[in-house]
Structure formats: C-alpha cells, structure tokens
Amino acid sequence: MIETKGAFMPELPEVETVCRGLAKKLAGRKIKSVTLNRSGLRVPFPPALRKLADVKVASISRRAKYVLMNLSDGRTLILHLGMSGRLVIFGKEDVYKPATHDHLVLTMDDGARVAMNDPRRFGLATLAQTDALENHKLFRALGPEPLGKDFTVKYLAEKLKGKKVAVKPAIMDQRIVVGVGNIYASEALFAAGIDPEARAGDVGPAALKRLLTEIKRVLKRAIKAGGSSLRDYVQTDGELGYFQHQFAVYDREGQKCKGCVCDIRKTGGVRRIAQGGRSTFYCPVKQAGLG
C-alpha cells in the first residue's frame, strides 16, 4: 500500500511531490472502474465520473494545488486534497479494505486501487476537457506558476505596484502567483531579507528580484526534500517529507533563525504574528525593512 496524505494546508511542493509519486504508479495504466461512495465533496461528483472506464491515464501533472490526471480520451480528472484529503494506492498484492471516508475509488487494469479519503470533505474531484483547462472556472483566474517562465521580476512588480496590502499575503494571493503558501512565503521573505509587514507596493526592484529568486529557490529545495511533513503529510511511498528540518523561521517562534548571531535574550528570536488569519514567522533583525 502506498499512501499520500495532504498536509494540513498542502502547498505547491507537497502537491508536486504527490503528482510525481502518482505518475510513477499510474501513468500508462487504464482505469477499469470508478466507485463513488457519496454524491460529492466540496462540489458534487459529475455523473460522467461514475461511468469513467477503459481509459488510460496518459499523464499526471499539477496546476497550482490541483492534481491533474490527464486521460487518453481528452478529459482530465481534477483532484484537490482540501485540508484533510489523501490518496492511497493499494497495489494488486495488497488487500483493500474500504475505510469510512473513502469517497472515490479507482480500480486500475493491473488490480491496483486508488482511494481518495477525505474526512473533512473539503477536497474536490471533477472532470473537464483537457484542452480547455485554462478557461475552466477553477483555473481561469489563477496567476502563473512560480517556477514557470511567466513569473518574472517585471510581472511581479506590475502586480504589486501601488498595493497597500502587506507583501506576505500579496505573494500568497493565487491571482498573483499560485502555490506559494504560508510556509514557503515566510521562508522566502526571510531569505530575501524583507519584512513580511512591508507594503507590497513599497518593495523596490532590488528587493523584488531577491524575493522572486528566493521563492523559486525555496520551492525547488522543498520539492527536492519531498515537501514538509507537518501533521500527517507523507510522500506516495509512505516516507515523510524532510523540508521541515530545513526551516529557517517557520514554526520557530522564540528560537534562533538560520545563521543567527544575535543574543536572542535581547531580540526574542524568531517572532510570530497573525496576517490574514495565518501565522507568519520572521526575524526582527534580518527582516527589519525591505532589505
């Protein structure tokens, strides 16, 4: 059995890790049948989902925090783990025993089963035409991928120009750039030396360049480490992600930041504040301004 669980709030590295693990096991295999154990999750399951059979999984990709199972018939099965969702792959050698919150089960042509388990039911599973995904209501308002060629300093400067909102919630706005969640926003701002409470529109060109560089760098490092295992996230092979061991400031309130040379009895170490209902962690010394 192979299990992939969403972190409390899965961010881009965790979803990317999930997609890569699923691709290794499912790409090229046919879906034999689909079992739906309820009418839907965050949105109703489309009737066509129940009839999905004898189509090959051509590839698995990601858009923002969505898993995209691209099918050979020109459709894509869109999956979102929500806050508590997980995908569990039972190999043909495993005994599948339905769990209470297994809401969707794919049976593959090699006898494997893929169960989507979601106790809180904030997840999503729906179908769409592959060639029309960018205009789908789930995706059409989304910003560019942070690791893609369209996420540039010029683009970011244009989007943040004149914004009075703080820079941290601004870079977490999915309309500006997708997938930069709470953990990685805190880490990138620390690495760039920028105060998370600074107005987004006040961040100058040099600081913006550092910020964009650090967003990309932090995300790449997290993907390489298999994501961050906080609470119940694991990779598809059951292993934990390891990026949490590399945190410079996130979840380190009162502790030294990475490379700290301060007397934290005087500075208080890493601080935690609330921004937009989320915890922000930062160093009051290294992030005293725009850097």
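The values are calculated or read from the model by the stated rules, or taken from the named source; none is laboratory data. What you are looking at is a predicted structure, and each value in this text was computed from that prediction instead of being measured. Cβ atoms come from the backbone with ideal geometry, glycine included; neighbour counts cover every protein chain shown.
Considering LYS137, LYS154, LYS97, which residue is at pLDDT below 95 and not aliphatic (A, V, I, L, M)? Spell out the reasoning first.
Details: LYS137 fails: at pLDDT below 95; LYS154 fails: at pLDDT below 95.
One residue alone meets the criteria, LYS97.
Which is surrounded by 15 or more Cβ atoms within 10 Å (Cβ to Cβ), outside the structural domain of GLY179 (by TED's automatic domain parsing) and not in a strand (DSSP E or B), of ALA53, ALA23, ALA48?
Working: ALA53 fails: surrounded by 15 or more Cβ atoms within 10 Å (Cβ to Cβ); ALA48 fails: surrounded by 15 or more Cβ atoms within 10 Å (Cβ to Cβ).
Answer to the selection: ALA23.
Given LYS56, LYS65, LYS97, LYS51, which one is touching a helix residue (DSSP H, G or I) at 6+ places or on another chain (Cβ under 6 Å) and among the basic types (Lys, Arg)? Give the derivation first.
Working: LYS56 fails: touching a helix residue (DSSP H, G or I) at 6+ places or on another chain (Cβ under 6 Å); LYS97 fails: touching a helix residue (DSSP H, G or I) at 6+ places or on another chain (Cβ under 6 Å); LYS51 fails: touching a helix residue (DSSP H, G or I) at 6+ places or on another chain (Cβ under 6 Å).
Among LYS56, LYS65, LYS97, LYS51, only LYS65 is touching a helix residue (DSSP H, G or I) at 6+ places or on another chain (Cβ under 6 Å) and among the basic types (Lys, Arg).
Restricting to the stretch 157-201, give me the number of residues that are surrounded by fewer than 17 Cβ atoms within 10 Å (Cβ to Cβ) and in contact (Cβ under 8 Å) with a residue 24 or more places away in the chain.
Looking only at that region, the number is 10.
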